[in-house]
1. Using a 1.4 Å probe, what is the accessible area per residue for the chain, in Å²?
2. Going by a ≥ b ≥ c, the root eigenvalues of the Cα gyration tensor, does the range 193-233 fall in the rounded group (a/c under 1.5), the prolate group (a/b larger than b/c) or the oblate group?
3. Need one word for the range 125-190: rounded, prolate or oblate. Basis is the Cα gyration tensor (sqrt eigenvalues a ≥ b ≥ c); a/c below 1.5 gives rounded, then a/b vs b/c decides.
4. Which whole-Hz ³J(HN,Hα) couplings does the range 394-409 yield from phi under the Karplus relation 6.51 cos²θ - 1.76 cosθ + 1.60, θ = phi - 60°, glycine and proline marked x?
5. Return the calculated 222 nm mean residue ellipticity for the chain, to the nearest 500 deg cm²/dmol, obtained by summing -39500 (n - 2.57) across DSSP H runs with n ≥ 4 and dividing by the residue count.
6. Leaving ligands, DNA and RNA out of it, rank Tyr237, Tyr119, Tyr313 by accessible area with a 1.4 Å probe, largest first.
7. Using only the alpha-carbon atoms, how far is helix 61-89 inclined from the longest principal axis of the chain? Give it as 0 to 90 degrees, nearest 10.
8. Which angle between 0 and 90 degrees, to the nearest 10, do you get for helix 166-180 versus the longest principal axis of the chain when only C-alpha atoms count?
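The values are calculated or read from the model by the stated rules, or taken from the named source; none is laboratory data. Fair warning: this is a prediction, and the values are worked out from it, not measured in the lab. Because the Cβ atoms are built from the backbone with ideal geometry, glycine has one as well, and the counts that use them run over all protein chains shown. Areas reflect the complete protein model, heavy atoms only, side chains present, ligands, DNA and RNA absent. Shrake-Rupley method; radii C 1.70, N 1.55, O 1.52, S 1.80 Å.
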Amino acid sequence: MAGRWIEQWDPEDETFWRETGRRVARRNLWFSVLSEHIGFSVWSLWSVMVLFMGPEYGIDPAGKFFLISTATLVGAIVRVPYTFAVAKFGGRNWTVFSALSLLVPTAVAFVVMEPGTSYTTFVAVAALAGIGGGNFASSMTNINAFFPLREKGWALGLNAGGGNIGVPVVQLIGLLVIGTAGATHPRIVLGVYVPLIVLAALCAARYMDNLTPVRNDTGAAKQAVREAHTWIMAVLYIGTFGSFIGFSFAFGLVLQTQFGRTPLQAASLTFIGPLLGSLIRPLGGRLADRHGGARITLGNFAAMAAATGVVVYASDTESLPLFLVGFIALFVLSGLGNGSTFKMIPGIFHAKAVARGLRGEAAAAEGRRLSGAAMGLIGAVGAVGGLAINLAFRQSFQTSGAGTAAFWSFLAFYAVCSVLTWAVYLRRPVTAPAQAQLGLAEV
């Protein structure tokens, strides 16, 4: 695919941005959201498929948690190569390919989704669905290059939030199917997505662009790997996005296993948290644009720890209403934190470029190239947090029959993230010049 290539791109130039850049960037944003949205739906398919797996499938709750953990793990791994594919092939070209590739896990699941299929086969097919998780990394890297620093919080939040909504949408479709056709027709859910995948690929081919300045940036990945802030932000992103995707995949199973909900009852509640968390992500980015990403992130982690305390109490007392309040609050806060943490990334790398003596467009370009590379690595590590959450639930239910122990471990991690955010990005440096050099006030 030769594609459509834009040779010059300078979003920090206000005249260029006002006359040309904004329109082109927003067009690419909307169709990037569409492709990423469907990618998230395919990635989270098995959080819905397990609700259709009644006793006739012969799979216990631990086995179901392992299925969704497999999809989570593969989604985390493929985010790394997907990040660098944008520079290799072009953002538009890779979006077309990555969208079409979603036909594979969807079609294969359509074939095997019935009682009598071996558990090993289900694990392999769940692993295939993990490629949907890679779309996030390539999409975020691509959109990061289109927007100026002053609008990255909003743009990245909207791009990711629109993608994240793919999780509650596939769960809503599952609810609709269970409520109308019953819990024995999972193929209807899969059949809905085939034409949507084709539509996303066609729209990307018709309306998106490749950016030549992003192409062949071979050194950015190595620099991002060596940068300590890449790994610090990866830990924080485990706390936000890892929580969002892990809880999204596990919520329905937790309701079924711990509170005895039927598939229909679980499905009628499962989508609420991911939907609210997805919708609020752009707000997290906007608040970070205005007040600083680190400040919003720190307050968010403190609130997540408090919400987890509510969930622990509800789990101990077996109070479903209180459990739902605390768990949905965790979804909302994780979505808010997703937006604020991703706003921090371009700000950090722009500040590092300024500290090395670069100015103007040179600093902005350096910040874009390094933050684009870092986002893929950070996104991959964050998705591994979702795997850790699913495995924690699996272990907790195996040993005690409840998720309380898992929630205690989550609370401890949110406390660690709070301390890390404060110590690295908010604790006042010894001198004012040092604070200005690190750009902490703008992170």
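1. It amounts to 36 Å² per residue over the chain.
2. Taking the square roots of the gyration eigenvalues as a ≥ b ≥ c, the range 193-233 is oblate.
3. The shape class here is oblate.
4. 4, 5, 5, 6, 5, 8, 10, x, 9, x, 4, 4, 4, 5, 4, 5
5. Value at 222 nm, helices only: -25500 deg cm²/dmol.
6. Putting Tyr237, Tyr119, Tyr313 in descending order of accessible area: Tyr313, Tyr119, Tyr237.
7. Helix 61-89 sits roughly 20 degrees off the main axis of the chain.
8. Between helix and principal axis, roughly 20 degrees.
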